[in-house]
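The values are calculated or read from the model by the stated rules, or taken from the named source; none is laboratory data. Predicted, not measured: the structure shown is a model, and the values here were computed from it. Virtual Cβ from ideal backbone geometry, glycine too; neighbours counted across all protein chains shown. The protein model used for the area step is the full one, side chains on, heavy atoms only, and it has no ligands, DNA or RNA in it. Shrake-Rupley method; radii C 1.70, N 1.55, O 1.52, S 1.80 Å.
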Amino acid sequence: MKSPLLSLPGAVPAEGVDEGVAAHYGDLFREQRALADGSGFVDLSHRGVIAVSGEDRLSWLHLLLTQHVSELPPHQATEALILSAHGHIEHALYLVDDGETVWAHVEPGTQDALIAYLESMKFFYRVEVADRTDEFAVVHLPAGSIAEAPAGVLVRETPYGRDLFLPRRDLESYAEKNGPAAGLLAYEALRVEHHRPRLGFETDHRTIPHELGWIGTAVHLQKGCYRGQETVARVENLGKPPRRLVFLHLDGSEVHLPPHGAELRLAEDGPEGRKIGFVTTSVRHHELGPVALALVKRNVPADARLLADSTAAAQEVIVEP
């Protein structure tokens, strides 16, 4: 779904899964600084929006999600995962309940598979699941923003800012009143700075929550059964995850950033050494320079110097070895 805000001056379209919104509007670092200062907004209208209504919605979702939501208060934001039977991450949901309906935004293009799974699990529960992506656009206001949400618009408030579930028809008029817009690259740079994982970027087909530090924020360890809980409990109580998320400071003299999937090796072993991980997201940060998130094997020493393809990298611990 192509955003009308791509018609704003300087807009450069994003690519890949983020196609449909602007990567930037002509000045990446200015847009980053604006967001860091609590100014402007980010168009996330390419994200999927689903709604779950009905009197059993919270108790039913509680059975399916990794998060404790059976008593979720209205307007309190949370996030949750859906895992496979083996504990691998399949979906990430960013939730808020308005008192009658649970609203969630999800990664672009994942809503159909998510809704199909939810529909298959309805059984006798009094719930209705709907895809509302055509009607509602997600708009992000950064932390510290003093902008007011339009009357009647549902807000999901987090430490990193506010997500608005804005009627899609109002997106252009909202942008006219609340600019300047910041592109997705600025939003992603701050996400990387805050060590926040993203489905499909920091995850692959075998990622488990412990590897990304999603325990606590998206996984509740004291709730009842859900699919994949056995893996979560076993790693929590008996062992360590096989991989861990790290933050990388990249060599700033390199022109190109290592792409998603770039192989990581120990610097001492050189570019022909054994693969010990891969880059998940790399960005240019307005203060930190080129930085990245990456997954490495758990036994990689925390002080080891790394190579991302041919780019030198120093790591900071996010998930403890």
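Summary of values
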quantity: Set His140, His105, His91: member being in contact with a Gly (Cβ under 7 Å, 6 or more places away or on another chain) and either at pLDDT below 95 or within 17 Å of Ala218 (Cα to Cα) (or both); calculated: His105
quantity: Among residues of the range 221-237, those that are open to solvent by 60 Å² or more (accessible area, probe 1.4 Å) and either at positive phi or within 20 Å of the chain's Cα centre (by Cα) (or both), counted; calculated: 0
quantity: Matching residues in the range 302-319 - criterion: being farther than 11 Å from Val246 by Cβ, open to solvent by 20 Å² or more (accessible area, probe 1.4 Å) and out of contact with any helix residue (DSSP H, G or I) (no Cβ under 6 Å at 6 or more places or on another chain); calculated: Asp303, Asp309, Ser310, Ala312
quantity: Tally of residues being assigned to a loop (DSSP other than H, G, I, E, B) and either modelled with pLDDT under 95 or of a type in the set (Gly, Ala, Ser) (or both) across the range 222-237; calculated: 5
quantity: Residue in the range 162-174 that is part of a loop (DSSP other than H, G, I, E, B) and of a type outside the set (S, T, N, Q) present; calculated: no
quantity: Ala130 in contact with a Ser or Thr (Cβ under 8 Å, 6 or more places away or on another chain) and at pLDDT 95 or above; calculated: yes
quantity: Selected residue (only one of His260, His285, His256 is closer than 20 Å to Leu184 by Cβ and either among the aromatic types (Phe, Trp, Tyr) or over 23 Å from the mean Cα position of the chain (by Cα) (or both)); calculated: His256
quantity: Residue within the range 238-246 that is surrounded by fewer than 17 Cβ atoms within 10 Å (Cβ to Cβ), under 30 Å from Leu61 (Cα atoms) and at pLDDT 95 or above present; calculated: yes
quantity: Criterion violated by Leu72 - all others in (1) crowded, with 17+ Cβ neighbours inside 10 Å; (2) over 16 Å from the mean Cα position of the chain (by Cα); (3) within 26 Å of Met1 (Cα to Cα) satisfied; calculated: (3)
quantity: Residues of the range 105-162 classified as loosely packed, with under 13 Cβ neighbours inside 10 Å and closer than 30 Å to Ala34 by Cβ, total; calculated: 7
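So that you can scan it fast, the table gives a plain yes or no per residue for (1) β-branched (Val, Ile, Thr); (2) open to solvent by 30 Å² or more (accessible area, probe 1.4 Å):
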| site | (1), (2) |
| --- | --- |
| Val255 | yes, yes |
| Pro259 | no, yes |
| Gly273 | no, no |
| Gly277 | no, no |
| Pro290 | no, no |
